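The structure appears below as structure tokens.
The values are calculated or read from the model by the stated rules, or taken from the named source; none is laboratory data. All values reported here derive from a predicted model rather than from experimental measurement. Because the Cβ atoms are built from the backbone with ideal geometry, glycine has one as well, and the counts that use them run over all protein chains shown.
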Amino acid sequence: MTSNLAAVSYGVHLSPESLQNVRKVLADAGVAVSSESQGGNERFDVFTAGLDAGVDATAALRRELAAAARPGMDTAIVPEGLRNASRKFLIMDVDSTLIQQEVIELLAAHAGKREEVAAVTEAAMRGELDFAQSLHARVAVLAGLPVDVVDSVRREVRLSLGAAELVAAFKEAGHIVAVVSGGFNQILRPIAVDLGLDHWIANELEIVDGVLTGKVLGAVIDRAAKEKYLREWAAAEGISLEHTIAVGDGANDLDMLGAAGIGIAFNAKPAVRAVADAAINMPYLDAVRHIANV
């Protein structure tokens, strides 16, 4: 049997017992391990096992490993076809994924409405509210704020730990990196330029006479739009969906995660973790490198 799959385990500290647990789950499933390697960096550990199993075993192995998972460690089952692809396409959400904050909450704080807006954001990310409707409601509280508030918020934004390293590694290896955001172009634009992203898009805040109107221009970048841009951009780059990696944390990322070759939930809401192909439950975004073999 050819090794068509890899089991990639990662965590802040991978104990010998946790790795032995992974080996036992694989053995109980009748899957032989053909190779093992260890890696990572000073922040987290990585253990990769080549599996003598066909790709048709992917879903069952993911379920069994998730059911037997030990705290502090996650394991992704990844097709070797994706890991070994010469060109890959990485697409990420922005708020609480590429960056640590929710920009709409930072903006709302300047209007004295942070807690109110944060509650709506949380409900939308859990999938309890229509994203577009919730976005319009949250942006409405920004009406009347001076445009220099946008500059202030831009200075508050921090990339997630490992984000810059992740993008740089993909780019250096000749892969394509994109982001699609339910946030705002005014915040995303300088980040995208600094990181050298190949594709990016977000919503556009309407600004008239130096003041936010409380509206966004054009169609909202919602759940359906995120999947649409994944498909369009991958096709434009000549990269098959099987060789795409999508990363996000909220319900509006679900279609994008489902359409990608592998969908990764990054410190995500439970509903997202439950259906994603893999989950990262530590603050280091560059763990994606090891899942994708970049």
Practice task
Select from region 268-282 the residues that are in a loop (DSSP other than H, G, I, E, B) and touching a Lys or Arg at 6+ places or on another chain (Cβ under 9 Å) and write down the one among them that is farthest from residue 85 (Cα to Cα).
Solution key: 269
Exercise for the section: Report, ordered by the first and then the second residue, all pairs with beta carbons closer than 8 Å, sequence separation of six or more or different chains, a first member in region 53-73 that is more than 17 Å from residue 10 (Cα to Cα), and a second member that is part of a helix (DSSP H, G or I). Expected result: 53/61; 55/81
Problem - Members of region 239-294 found to be touching a Gly at 6+ places or on another chain (Cβ under 7 Å) and more than 19 Å from residue 163 (Cβ to Cβ), listed by number - result: 241, 242, 243, 251, 252, 269, 271, 277
Problem - Residue among 144, 112, 127 that alone is at positive phi, surrounded by 14 or more Cβ atoms within 10 Å (Cβ to Cβ) and not basic (Lys, Arg) - result: 127
Fill in the blank from the handout: Of the listed residues (202, 219, 224, 234), the one being of a type outside the set (Val, Ile, Thr), farther than 28 Å from residue 71 by Cα and modelled with pLDDT under 95 is 219
Practice task
Working only within region 51-61, note down all residues that are of a type outside the set (Asp, Glu), surrounded by fewer than 19 Cβ atoms within 10 Å (Cβ to Cβ) and in contact with a strand residue (DSSP E or B) (Cβ under 6 Å, 6 or more places away or on another chain).
Solution key: 55, 58
Handout entry: Tally, over region 117-143, of residues that are under 22 Å from the mean Cα position of the chain (by Cα), assigned to a helix (DSSP H, G or I) and under 22 Å from residue 225 (Cα atoms)
Key = 10
Completion exercise
Residue pairs qualifying under the 8 Å Cβ cut-off, at least six apart or on distinct chains, with the first in region 139-156 being free of Cβ contacts under 8 Å to residues at least 60 places away in the same chain and among the basic types (Lys, Arg) and the second being surrounded by fewer than 20 Cβ atoms within 10 Å (Cβ to Cβ) and assigned to a helix (DSSP H, G or I), are 154/190
Exercise for the section: Looking only at region 72-83, decide whether some residue is part of a helix (DSSP H, G or I), buried (at least 19 other Cβ atoms within 10 Å of the Cβ) and within 19 Å of the chain's Cα centre (by Cα). Expected result: yes
Completion exercise
Taking region 84-116 and keeping residues part of a helix (DSSP H, G or I) and either closer than 23 Å to residue 224 by Cβ or among the basic types (Lys, Arg) (or both) leaves 94, 95, 96, 97, 98, 103, 104, 114
Handout entry: Any chance residue 276 is surrounded by fewer than 19 Cβ atoms within 10 Å (Cβ to Cβ), out of contact with any Pro (no Cβ under 6 Å at 6 or more places or on another chain) and within 21 Å of residue 65 (Cβ to Cβ)
Key = no
Practice task
Check 207, 191 and return the single one that is surrounded by fewer than 17 Cβ atoms within 10 Å (Cβ to Cβ) and either modelled with pLDDT of 95 or more or assigned to a strand (DSSP E or B) (or both).
Solution key: 207
